[in-house]
Amino acid sequence: MSSASKAFKEMNRAERGIFIGTLIWILLQLSRFIAVVLINDINDGLASEAWRYPAYLDLFAAVLAFPLIWAVWARRELLTWAALVIYWTISIVDHIGNFVTTTFVGPPTIAEGMENPYLVPAIQTALDVVFLAVLFIPLGRDLFFQPQN
């Protein structure tokens with residue numbers, strides 16, 4: 001039995017909810033690999049160059065999801081906590097860039113057919129803010145600042 005699974009068994013219900021919720025929300029960030037399609041559209045001249053920066057931030061979020069999942073599972077400590085704070089902050093900045101770019105140049109090609117191109121980024125931003133805030137409340141913070149045996 002690994003120390004990570006033992007620590008999981010020792011968590012109370014609220015801590016498990018935060019832990020599992022964080023892992024699931026990071027795992028869902030893998031959907032941001034769709035930015036590769038947007039980058040190809042930009043390179044082919046089908047989408048505005050203004051979408052390049054948000055697309056690269058999406059790739060950042062997708063690529064770093066793998067090591068973050070491992071770190072949250074196996075290495076809950078200061079470095080993991082700091083990485084999550086930075087990760088959620090950059091993700092929020094990406095979503096704000098999405099709102100601004102959608103407002104000024106229109107939605108990206110990958111959002112064609114969506115009735116409201118602001119809806120998905122708004123939900124993502126709200127969840128990112130929640131998970132960022134949880135890192136600063138004692139219950140969430142204490143998941144990362146436990147003495148190691």
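The values are calculated or read from the model by the stated rules, or taken from the named source; none is laboratory data. Not measured: the values here are computed from a predicted model. Positions of Cβ are generated from backbone atoms using ideal geometry, with glycine treated the same way; all protein chains shown enter the neighbour counts. These accessible areas exclude ligands, DNA and RNA; they are computed on the full protein's heavy atoms, side chains included. Shrake-Rupley method; radii C 1.70, N 1.55, O 1.52, S 1.80 Å.
Can you name the helices (runs of 4 or more DSSP H) wholly within segment 6-100 that have at least 1 residues being in contact (Cβ under 8 Å) with a residue 24 or more places away in the chain and closer than 18 Å to Ala126 by Cα? Steps first, answer last, please.
On the way: elements: 13-28, 35-43, 52-74.
Of the helices (runs of 4 or more DSSP H) lying wholly inside segment 6-100, those with at least 1 residues that are in contact (Cβ under 8 Å) with a residue 24 or more places away in the chain and closer than 18 Å to Ala126 by Cα span 13-28, 52-74.
Pairs, please: C-beta under 9 Å, at least 6 apart or cross-chain, first residue closer than 13 Å to Leu84 by Cβ and in segment 129-141, second open to solvent by 80 Å² or more (accessible area, probe 1.4 Å)?
Between residues of segment 129-141 that are closer than 13 Å to Leu84 by Cβ and residues that are open to solvent by 80 Å² or more (accessible area, probe 1.4 Å), the close pairs are Val134/Arg141; Leu135/Arg141.
Can you pull out the residues in segment 60-78 that are among the aliphatic types (A, V, I, L, M) and either at pLDDT below 95 or buried (at least 17 other Cβ atoms within 10 Å of the Cβ) (or both)?
Initial filter on segment 60-78 (among the aliphatic types (A, V, I, L, M)): 61-65, 68-69, 71-72, 74, 78.
Those that are among the aliphatic types (A, V, I, L, M) and either at pLDDT below 95 or buried (at least 17 other Cβ atoms within 10 Å of the Cβ) (or both): Ala61, Ala62, Leu64, Ala65, Leu68, Ile69, Ala71, Val72, Ala74, Leu78.
Do you know which residues across segment 105-149 are at pLDDT below 95 and of a type in the set (S, T, N, Q)?
If the condition is that a residue be at pLDDT below 95 and of a type in the set (S, T, N, Q), then Thr109, Asn116, Gln146, Gln148, Asn149 are the ones that fit.
Output the number of residues of segment 103-140 satisfying the condition of being aliphatic (A, V, I, L, M), within 17 Å of Ile92 (Cα to Cα) and open to solvent by less than 60 Å² (accessible area, probe 1.4 Å).
6
Could you say whether any residue in segment 18-29 is small (Gly, Ala, Ser) and within 23 Å of Val100 (Cα to Cα)?
Residues of segment 18-29 small (Gly, Ala, Ser): 21.
Next cut, within 23 Å of Val100 (Cα to Cα) only: none.
Within segment 18-29 (the criterion being small (Gly, Ala, Ser) and within 23 Å of Val100 (Cα to Cα)), the answer is no, since none of the residues qualifies.
Can you confirm whether Ile96 is open to solvent by 40 Å² or more (accessible area, probe 1.4 Å), among the aliphatic types (A, V, I, L, M) and within 19 Å of Trp25 (Cα to Cα)?
On the way: open to solvent by 40 Å² or more (accessible area, probe 1.4 Å): yes; among the aliphatic types (A, V, I, L, M): yes; within 19 Å of Trp25 (Cα to Cα): yes.
It is true that Ile96 is open to solvent by 40 Å² or more (accessible area, probe 1.4 Å), among the aliphatic types (A, V, I, L, M) and within 19 Å of Trp25 (Cα to Cα).
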